[in-house]
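What follows is a set of notes on a single structure, which appears directly below.
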Amino acid sequence: MLTQSAKDGFDTLLMQSLKSGMAPSGAQVEVSTLADDADIPEKKMVVLTVSSYLFRLMVMFYFTPDTATRAHFARINNIDATEMSEQTFMDAIAESGNLCCGILNRDLGNFFPHIGMSTPNVIDSNCAAYLQTLNCQHVRHFAVDMDNSPRFHVTLSVSVYADIDFAVSADELGSDTGELELF
Amino acid sequence: MAQILVVDDSSTVRAEVGDFLKKNGLDVALAVDGRDGLVKLKGDPSIKLVVSDVNMPNMDGLTMAEKIRSELGNASVNIIMLTTENSPIMKERGKAAGIKGWIVKPFKGDAVLATFKKLVGA
């Protein structure tokens with residue numbers, strides 16, 4: 001069973017990772033929850049999983065490979081959108097998902113020490129319709145809004161193999177990313 | 001001839017880190033995974049610092065670090081991991097391989113530039 005506190009914890013940690021990982025440095029980011037996936041129009045998605053022996057979660061980052069999306073990822077990577085190759089564009093999207101999920105993976109590691117993350121995969125967003133076959137105990141859809149960028153959508157689904165309960169407090173959010181830890 | 005070797009399977013990260021270091025006057029070489037990193041390091045004795053991702057195809061960054069010490073016999077090059085991973089187990093494995101430090105992504109160049117320059121003697 002997944003307690004409400006644990007569901008809130010997964011949601012909170014993912015929302016925090018989206019704020020940190022999806023936007024250009026210094027940009028204002030708003031992350032909101034959606035009632036369902038009816039308003040998610042994007043055709044493609046980057047999928048990553050974070051797994052432990054207690055649960056498996058999937059995070060789906062939806063996108064449409066259009067001009068506005070290309071401009072967003074070009075801006076993040078400080079390059080001209082007209083000079084962005086298809087390979088660079090896809091790599092930038094995958095790395096954005098990788099960074100967000102990496103932050104989530106790291107923060108969940110504070111609660112679940114034995115945890116691992118997949119590499120990103122790009123698939124058709126129609127695949128999301130088969131999520132229920134994973135017997136998910138928790139599914140949540142998010143909208144991510146940033147200045148001068150298209151709205152992005154993200155879905156979290158959590159399947160658990162045991163009773164899970166944990167709580168995330170505001171004090172635990174935020175981290176010392178980017179600092180060099182010397183050994 | 002390069003001072004720093006950046007190893008990451010993501011072209012986005014290679015460009016971000018590489019461009020930042022070049023703009024700040026450092027000579028940079030790039031590698032796409034640990035296996036490529038070993039080849040590039042072996043071929044360029046001027047490299048003083050390796051900045052590497054952990055999770056990569058073909059050969060991960062920690063295995064590369066271990067092979068730099070064992071197979072290449074290079075005990076002097078500084079190795080710093082740049083990764084989303086923050087697992088104590090991985091850090092311990094890195095320490096055992098003689099890595100110098102650990103940075104949790106995202107990369108914030110200004111926070112590490114002075115140390116990087118010191119490590120390459122710039």
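Nothing in this text is a laboratory measurement; each read-out follows from the coordinates by a stated rule. The shown structure was predicted, so the numbers you read here are calculated from the model rather than taken from an experiment. Note: ideal-geometry Cβ built from the backbone for every residue, glycine included; neighbour counts use all protein chains shown.
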Note to self: What is the distance in Å between the Cα centroid of the stretch A:39-87 and that of the stretch A:21-35?
What the structure shows: 13
Next item on the list: Mind putting a number on the dipole of chain B about its Cα centre? Charges go on the C-beta only, +1 for Lys and Arg and -1 for Asp and Glu, and I need it in Debye to the nearest 20.
Entry: 420
Next item on the list: Could you tell me which of B:109, A:127, A:55 has its Cα farthest along the dipole of the protein assembly as shown towards the positive end, charges placed at Cβ (Lys, Arg +1; Asp, Glu -1), taken about the Cα centre?
Entry: B:109
Note to self: Taking the beta-carbon count within 10 Å as an exposure proxy, list B:104, B:13 from fewest neighbours to most.
What the structure shows: B:104, B:13
Checklist line | Average projection area in nm² (convex hull over Cα atoms of the stretch A:1-94, one quarter of hull surface) | finding: 7.6
Margin query: What is the angle, in °, between the Cα long axis of helix A:86-108 and the longest principal axis of the Cα atoms in chain A? Nearest 10 is fine, range 0 to 90.
Written below: 30
Next item on the list: Sequence neighbours fewer than 8 away in the same chain don't count; with that in mind, list the lysines whose C-alpha is under 17 Å from residue B:23.
Entry: B:108, B:117, B:118
Next item on the list: Two decimals is fine: what is log10 I(q)/I(0) at q = 0.11, 0.14, 0.18 Å⁻¹ for chain A, from a Debye sum with one equal scatterer on every Cα and no solvent?
Entry: -0.47, -0.77, -1.25
Margin query: With an 8 Å Cα cut-off and a minimum separation of 6 or more residues, compute the relative contact order for chain B in percent.
Written below: 25
Check: Where does each of A:32, A:96 land when they are ranked from fewest to most other beta-carbon atoms within 10 angstrom?
Finding: A:32, A:96
Checklist line | Partners for residue B:67 among lysines (Cα-Cα distance below 20 Å; same-chain residues under 8 apart left out) | finding: B:40, B:42, B:48, B:91, B:95, B:100
Margin query: Given a 10 angstrom Cα cut-off, can you work out which residue in A:141, A:114, A:72 is the most mobile in a GNM of chain A?
Written below: A:114
Checklist line | Fraction of the pair-distance distribution of the stretch B:1-119 above 19 Å, Cα-Cα pairs, percent | finding: 38
Next item on the list: Sort A:101, A:127, A:136 so that the residue with the fewest other Cβ atoms within 10 Å of its own Cβ comes first and the one with the most comes last.
Entry: A:127, A:136, A:101
Notebook entry, point to check: Scaled to the compact-protein estimate 2.2 N^0.38 Å, what is the alpha-carbon radius of gyration of the protein assembly as shown, rounded to two decimal places?
Noted result: 1.01
